[in-house]
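The values are calculated or read from the model by the stated rules, or taken from the named source; none is laboratory data. The shown structure was predicted, so the numbers you read here are calculated from the model rather than taken from an experiment. Note that each Cβ is placed from the backbone with ideal geometry, even for glycine, and that neighbours are counted across all protein chains shown. The accessibility values were calculated without ligands, DNA or RNA, using every heavy atom of the protein model including side chains. Shrake-Rupley method; radii C 1.70, N 1.55, O 1.52, S 1.80 Å.
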Amino acid sequence: MTGDLPSYRRSARTDFRMWLLLAFGLVFFWAGSTIDPADNCSEDGRECAPWLVPLAQGLGALVAVGAGLNMLANPNRGSFVDSATGELVWWQGRIGASGGDEGRIHPSRIGKLRIVRQDESDDEVHLYDMEGNRLFWFDQEVIPWPYERWAEKLAAAWPHIDVEIVG
């Protein structure tokens, strides 16, 4: 029954967003290191902001160090169906094999999976039990994209689960 619902795991080191933050920070740090603050003025001299160069360099260093430390700690998130209990298990912020925020529910107790479309950002995903309570720590970060495909597989394995797409 769980053969079509693959396990999913993503870590900071495999998340392209962390690599983009690291690159962004390094570019700003490098630019701040190569631009002379005294040359950061308009030709007529009326617009001068030499303080922007070290500010950009500091911001770049902060972002690069933050992304690097996050990749060093390598928190992970994901979901799978536990073969021993049949429960859907999901987690976020786990470092190593344990810890982080975790939730679990047997699919027979799931009432609805809601996908909320967003125009300007990533879609949101919410899981509800049979009583209509939203389950903590289950969101778009713990299932693979495209979310609809994963939701279809979940509903195919457990037909009582209502998949609702909003927006």
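For the stretch 51-68, does any single residue satisfy the condition of being part of a helix (DSSP H, G or I), crowded, with 17+ Cβ neighbours inside 10 Å and out of contact with any helix residue (DSSP H, G or I) (no Cβ under 7 Å at 6 or more places or on another chain)?
No, every residue in the stretch 51-68 fails to be part of a helix (DSSP H, G or I), crowded, with 17+ Cβ neighbours inside 10 Å and out of contact with any helix residue (DSSP H, G or I) (no Cβ under 7 Å at 6 or more places or on another chain).
Filter the strands (runs of 3 or more DSSP E) completely within the stretch 95-167 down to those with at least 2 residues that are open to solvent by 40 Å² or more (accessible area, probe 1.4 Å).
101-105, 110-116, 162-166
Could you give me the residue pairs with C-beta distances under 9 Å whose first residue belongs to the stretch 15-35 and is more than 13 Å from residue 58 (Cα to Cα) and open to solvent by 90 Å² or more (accessible area, probe 1.4 Å), whose second residue is at pLDDT below 90 and in a helix (DSSP H, G or I) wherever it lies, and which are 6+ apart or on separate chains?
Final answer for the pair search is none.
Can residue 5 be described as assigned to a loop (DSSP other than H, G, I, E, B), open to solvent by less than 80 Å² (accessible area, probe 1.4 Å) and not β-branched (Val, Ile, Thr)?
Here the answer is yes, as residue 5 does meet what is asked.
Out of all the residues in the stretch 69-94, which are among the polar types (S, T, N, Q) and open to solvent by 30 Å² or more (accessible area, probe 1.4 Å)?
Across the stretch 69-94, the qualifying residues are 70, 83, 85, 92.
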